Amino acid sequence: MKRIYKANTKLRVIVNTKCNLTGCINAKLRCAKPDGSFTEFEAGIKDYENGVLFYDVQSQDDFDQAGWWILWPEVFFDDDSMTFGESVKFFVHEAGSL
C-alpha cells in the first residue's frame with residue numbers, strides 16, 4: 001500500500017535514520033499534524049546498526065487528520081545524549097479519496 005489513510009490501524013511506519021543506534025535506550029517519532037498540533041509515538045528499533053525504527057499503529061486516533069503531516073525521529077542514548085533525525089513530510093488521505 002502506497003498511501004496512508006486517516007484512522008488506518010493496519011499500518012507499520014518505518015523510519016531509516018541512516019545512523020548507528022547502538023546504545024539507544026528510547027526512540028520516539030514526533031509528528032506535526034495538519035492543524036498545527038503535535039503528537040508522538042514510542043518507536044521500536046528494527047535494526048540498531050543501520051538505524052531503522054518502526055511504529056505499529058495502535059489506534060484509529062493515531063493518524064486522525066487528513067492532510068500533510070511532518071514526522072521526525074528523536075533518539076536517546078545510554079550516555080545521556082540525544083539526537084533528532086531529518087524530518088519527512090507525508091500526506092494522510094481520507095478513505096475513498098483519489
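Report the residue count in the stretch 12-39 for those that are out of contact with any Phe, Trp or Tyr (no Cβ under 8 Å at 6 or more places or on another chain) and either touching a residue at least 24 places away in the same chain (Cβ under 8 Å) or farther than 16 Å from V92 by Cβ (or both). Give the steps one after another, and end with the answer.
The first filter runs over the stretch 12-39 and keeps only residues out of contact with any Phe, Trp or Tyr (no Cβ under 8 Å at 6 or more places or on another chain), leaving 16-19, 35-39.
Those left that are additionally either touching a residue at least 24 places away in the same chain (Cβ under 8 Å) or farther than 16 Å from V92 by Cβ (or both): 16-19, 35.
Total satisfying the criteria: 5.
Which of the following residues is open to solvent by 40 Å² or more (accessible area, probe 1.4 Å), in contact with a Leu (Cβ under 9 Å, 6 or more places away or on another chain) and closer than 19 Å to K89 by Cα: D64, D56, D47? Show your work before the answer.
Details: D64 fails: in contact with a Leu (Cβ under 9 Å, 6 or more places away or on another chain); D47 fails: closer than 19 Å to K89 by Cα.
The unique qualifying residue is D56.
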query = In the list F76, F91, which residue meets the criterion of being out of contact with any Cys (no Cβ under 8 Å at 6 or more places or on another chain) and open to solvent by 40 Å² or more (accessible area, probe 1.4 Å)?
reply = F91
query = Given the conditions (1) loosely packed, with under 14 Cβ neighbours inside 10 Å; (2) modelled with pLDDT of 95 or more; (3) over 23 Å from S97 (Cβ atoms), which single one is not true for F84?
reply = (2)
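The values are calculated or read from the model by the stated rules, or taken from the named source; none is laboratory data. As the structure is a prediction and not an experimental result, all values here were calculated from the model. As a convention, Cβ positions derive from the backbone with ideal geometry for all residues, glycine included, and neighbour counts pool all protein chains shown. Side chains are part of the model used for accessible areas, which takes the heavy atoms of the whole protein and leaves out ligands, DNA and RNA. Shrake-Rupley method; radii C 1.70, N 1.55, O 1.52, S 1.80 Å.
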